[in-house]
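*Asks:* Handing you this structure, nothing more for now.
The values are calculated or read from the model by the stated rules, or taken from the named source; none is laboratory data. No experiment lies behind these values; they were computed from the predicted model shown. Glycine also receives a Cβ, built like all others from the backbone with ideal geometry; neighbour counts cover every protein chain displayed.
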Amino acid sequence: MKKPGDNQTPIILEGRVVRGGRAEGEALVSPDPISFLGGVDPDTGIILDPNHPLKGVSIAGKILLFPHGKGSTVGSYTILRLARNRVAPLAMINVESEAITAVGAIIADIPMVDLVDIGRIETGDWVRVEDGRVEVFPKKKPA
């Protein structure tokens, strides 16, 4: 079965492995940091923060890109709850990770990479993550 990006040359980005692993899927890019505790519903994966630009959008099954996490250390356990409820992102990519998100990715077994220029990736692009390598297959632009 053909996947998005087949027969297309990807943009290759290298980052630092926070949690190793492999995942691929559609990118969901947030220009703002994400607070998982109170900012994301652990039962649905929907962003709840009323001030976040992605309010109402689900992170479930996406490759989630955001500058960094913020908020309470309990956010790590919210990431674990997302995974247990099967509404977690497939992988997370940050500009610069911090302890809350890194610990959440590690305990939830979600591949995570940081030190990546997420400005080169758009929502809807197809992204493959394997350890520190990020392959980006840009979505086709309308003619």
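*Asks:* Which numbered condition trips up residue 114, out of (1) touching a Lys or Arg at 6+ places or on another chain (Cβ under 7 Å); (2) of a type outside the set (A, V, I, L, M, F, W, C); (3) within 12 Å of residue 25 (Cα to Cα)?
*Replies:* All conditions are met except number (3).
*Asks:* Might you let me know whether the range 17-30 holds any residue that is more than 13 Å from the chain's Cα centre (by Cα) and more than 22 Å from residue 125 (Cα to Cα)?
*Replies:* No, the range 17-30 has no match at all.
*Asks:* Another question about this same structure. In the range 69-80, is there at least one residue being closer than 17 Å to residue 29 by Cβ and under 12 Å from the mean Cα position of the chain (by Cα)?
*Replies:* Yes.
*Asks:* Is there any pair linking a residue in the range 8-32 that is farther than 18 Å from residue 110 by Cα and free of Cβ contacts under 8 Å to residues at least 24 places away in the same chain to one that is crowded, with 16+ Cβ neighbours inside 10 Å and hydroxyl-bearing (Ser, Thr, Tyr), with Cβ under 9 Å and at least six apart or on different chains, and which?
*Replies:* Cβ pairs passing all conditions: none.
*Asks:* What's the number of the condition residue 136 fails, among (1) surrounded by fewer than 16 Cβ atoms within 10 Å (Cβ to Cβ); (2) out of contact with any Lys or Arg (no Cβ under 6 Å at 6 or more places or on another chain); (3) under 18 Å from residue 26 (Cα atoms)?
*Replies:* The one condition residue 136 does not meet is (1).
*Asks:* Only one residue in 91, 83 is modelled with pLDDT of 95 or more and closer than 20 Å to residue 38 by Cβ. Which one? Before the answer, list the steps.
*Replies:* Working: 91 fails: closer than 20 Å to residue 38 by Cβ.
Answer to the check: 83.
*Asks:* Next up: Here is a check on your reading of the model: is residue 4 surrounded by fewer than 18 Cβ atoms within 10 Å (Cβ to Cβ), at pLDDT below 95 and either out of contact with any Leu (no Cβ under 9 Å at 6 or more places or on another chain) or not acidic (Asp, Glu) (or both)?
*Replies:* Details: surrounded by fewer than 18 Cβ atoms within 10 Å (Cβ to Cβ): yes; at pLDDT below 95: yes; either out of contact with any Leu (no Cβ under 9 Å at 6 or more places or on another chain) or not acidic (Asp, Glu) (or both): yes.
Yes, satisfied.
*Asks:* Looking at (1) in contact (Cβ under 8 Å) with a residue 24 or more places away in the chain; (2) out of contact with any Phe, Trp or Tyr (no Cβ under 8 Å at 6 or more places or on another chain), can you tell me which one residue 46 breaks?
*Replies:* (1)
Matching residues to (1) hydroxyl-bearing (Ser, Thr, Tyr); (2) exposed (fewer than 15 other Cβ atoms within 10 Å of the Cβ):
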position: 31; (1), (2): no, yes
position: 43; (1), (2): no, yes
position: 86; (1), (2): no, yes
position: 92; (1), (2): no, no
position: 101; (1), (2): yes, no
position: 108; (1), (2): no, no
position: 116; (1), (2): no, no
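*Asks:* Of all residues in the range 49-58 being touching a residue at least 12 places away in the same chain (Cβ under 8 Å) and under 16 Å from the mean Cα position of the chain (by Cα), which is surrounded by the most Cβ atoms within 10 Å (Cβ to Cβ)? Steps first, answer last, please.
*Replies:* To start, the set of residues in the range 49-58 that are touching a residue at least 12 places away in the same chain (Cβ under 8 Å) comprises 49, 52-54, 57-58.
With under 16 Å from the mean Cα position of the chain (by Cα) added as a condition, the list becomes 52-54, 57-58.
Values: 52: 19, 53: 10, 54: 21, 57: 15, 58: 16.
Here the residue is 54.
*Asks:* Pull out all pairs, ordered by first then second residue, where Cβ-Cβ is under 9 Å, the residues are six or more apart or on different chains, the first lies in the range 90-118 and is under 9 Å from residue 76 (Cβ atoms), and the second is in a strand (DSSP E or B) and β-branched (Val, Ile, Thr).
*Replies:* 101/18; 101/34; 102/18; 105/18; 106/18
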